[in-house]
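Colleague: Pasting in a structure now, in structure tokens, and then I'll have a few things to ask.
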Amino acid sequence: MFLPNLSNTGPNIVAKDLCTGLVRKGHVCQVFYFDDIVELDMPCSIERITNMKRFDFSNWDIIHSHMFRPDLYIRLHTLFSRKKHRTRFISTLHNPISYRALKIDYPLVHSLIGSFLWKFALRAFNELVVLNEDTYQQLSKVSKEHLHIIHNGRDIIPSAVSNEKDLEEIRKLKQKYIIVGTVSRIIKRKGIEQMIRALVLLPNYAFVVVGDGSELENIKILAKELSVSERCYWVGYREDATSYQSLFDLFVMCSRSEGFPLALIEAAGYGVPSILSDISIFKSIMTEREVLFYKLDNIDSLVSAIHVATRNREELANRIYDYYIKNLTVNSMTDKYLELYIHSLNS
């Protein structure tokens with residue numbers, strides 16, 4: 001398994017969970033990473049490598065890469081290799097890689113170059129895995145025989161919030177308000193400002209945000225301008241971010257673009273009724289039976305969805321939890337990847 005680093009971020013967590021599932025089933029895994037950031041405790045041996053370090057891929061049946069830097073490393077280190085081996089190369093694309101998707105968070109020139117280089121890197125791989133139907137369609141030029149959809153999975157073990165200050169502040173809010181929460185990087189494509197604007201029309205609700213990012217200060221300023229800051233609680237980054245789902249009455253994701261959000265899986269695992277923007281990626285993951293959708297950037301639509309979710313909280317909680325148990329566990333994800341590994345080795 002190749003990763004950019006071992007930071008506590010979505011793609012790395014998925015890789016960790018996949019390694020856990022593979023080890024449980026008796027397979028040998030090793031994780032190779034580049035940057036000296038180690039926040040995750042992997043269930044297998046790890047080794048830091050450099051961009052220039054040569055690597056003998058033939059020692060492994062499967063080389064599984066996640067994210068741009070590992071993909072490019074593998075492309076460059078296999079490009080001029082004349083060594084023949086049966087190793088199969090697989091990349092999981094955790095986010096859309098088109099320049100249109102990248103430019104939401106990056107300057108246009110960076111997005112164009114990044115998208116071009118990433119597509120160049122993917123030529124090294126025998127199989128590509130995407131997380132949803134939307135990204136699958138974007139990569140239609142890739143042979144469908146070598147393009148696969150595998151949903152992320154997580155094993156959710158409910159736990160209590162460990163930060164006493166956070167616990168006290170959120171409990172104070174819960175005495176007065178219905179708690180709408182999100183767990184997210186606070187960047188432009190997450191669209192969190194929509195929920196801030198919705199609070200103006202939701203006087204009986206408070207908003208709890210778990211996460212950090214480049215847009216945090218702008219979001220705080222907006223909350224003050226709209227006079228809703230007293231009903232917002234900014235948790236910041238927490239290693240145990242998942243546990244905060246236990247304090248939410250409702251979960252919201254206002255994203256403009258996504259891969260396969262782990263926070264949504266975590267909300268499902270806690271049985272938290274969820275409201276999602278109506279982007280095609282979300283609609284390819286769940287249906288209106290499990291969640292409520294609202295029209296992206298339509299605040300009235302978001303407010304209406306929150307009211308409906310509140311009225312039907314128990315029913316929605318049961319439905320999303322049932323969906324999680326059947327479709328979104330680590331065991332389910334691991335079985336699908338193992339099936340792909342075997343298929344690729346035999347092809």
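Quick note: the coordinates plus some simple rules give every number you see, no bench work behind them. Quantities reported herein were computed from a predicted structural model and do not represent experimental measurements. Please note: Cβ atoms are built from the backbone with ideal geometry, for glycine as well, and neighbour counts cover all protein chains shown.
Colleague: Radius of gyration and Dmax for segment 251-347's Cα atoms, expressed in Å?
Modeller: In order Rg, Dmax, the Cα atoms of segment 251-347 give 15.4, 53 Å.
Colleague: Hey, any idea what the orientation-averaged projected area of the convex hull of segment 246-286's Cα atoms comes to, in nm²?
Modeller: Numbers: hull surface 10.7 nm².
The orientation-averaged projected area of the Cα hull of segment 246-286 comes to 2.7 nm².
Colleague: Let me ask another. Test of understanding: in a Gaussian network model of the chain with alpha carbons linked when under 10 Å, which of His66, His77, His151 would top the mean-square fluctuation ranking?
Modeller: Judging by the Gaussian network model, the answer is His77.
Colleague: Kirkwood hydrodynamic radius of the chain from all distinct Cα pairs, in Å?
Modeller: Taking the inverse mean of 1/r over all distinct Cα pairs, the chain comes out at 21.2 Å.
Colleague: Here is a further query. DSSP beta bridges in the chain, what fraction antiparallel, as a percent rounded to 5? Show your work: numbers first, answer last.
Modeller: Numbers: 1 of 39 bridges.
Expressed as a percentage, antiparallel bridges in the chain total about 5.
Colleague: Something else: From the cross-link list Lys172/Lys224; Lys25/Lys326; Lys119/Lys144; Lys119/Lys295; Lys190/Lys220, which pairs have alpha carbons spaced over 24 Å apart? It would help to have the intermediate numbers written out before the result.
Modeller: Working: Lys172/Lys224 20 Å; Lys25/Lys326 19 Å; Lys119/Lys144 16 Å; Lys119/Lys295 31 Å; Lys190/Lys220 15 Å.
Correct reply: Lys119/Lys295.
Colleague: How long are the semi-axes of the equivalent ellipsoid of segment 164-327, defined as square roots of 5 times the Cα gyration tensor eigenvalues? Whole Å, largest first.
Modeller: On the way: eigenvalues 95, 60, 51 Å².
Output for segment 164-327: semi-axes of 22, 17, 16 Å.
Colleague: Report, in order of residue number, the helices in the chain meeting two criteria: a C-alpha extent of 15 Å or more along the helix axis, and a mean Kyte-Doolittle hydropathy of at least 1.6; treat each whole DSSP H run as one helix. Write out the running numbers ahead of the final one.
Modeller: On the way: long enough: 10-24 (21 Å, 0.42); 68-79 (16 Å, -0.05); 108-121 (20 Å, 1.25); 164-176 (19 Å, -1.96); 299-311 (18 Å, 0.87); 313-327 (21 Å, -1.31); 330-346 (24 Å, -0.24).
What comes out of the filter, once short or polar helices are dropped, is none.
Colleague: Still on this structure, I have one more. Please build a GNM for the chain, connecting alpha carbons under 10 Å apart, and tell me which residue among Lys336, Lys190, Lys16 fluctuates the most.
Modeller: In this elastic network of the chain, the residue with the biggest mean-square fluctuation among Lys336, Lys190, Lys16 is Lys336.
Colleague: Further, regarding this structure: Lys and Arg at +1, Asp and Glu at -1: add these up for the other residues within a Cβ distance under 13 Å of Val161 and post the number.
Modeller: Working: positive: Lys165, Arg171, Lys174, Arg238; negative: Glu164, Asp166, Glu168, Glu169, Glu239, Asp240.
Counting the neighbours of Val161, the net charge comes to -2.
Colleague: Can you tell me which of Asp36, Asp17, Asp212 moves the most in a GNM of the chain? Springs connect C-alpha atoms under 10 Å apart.
Modeller: Asp36
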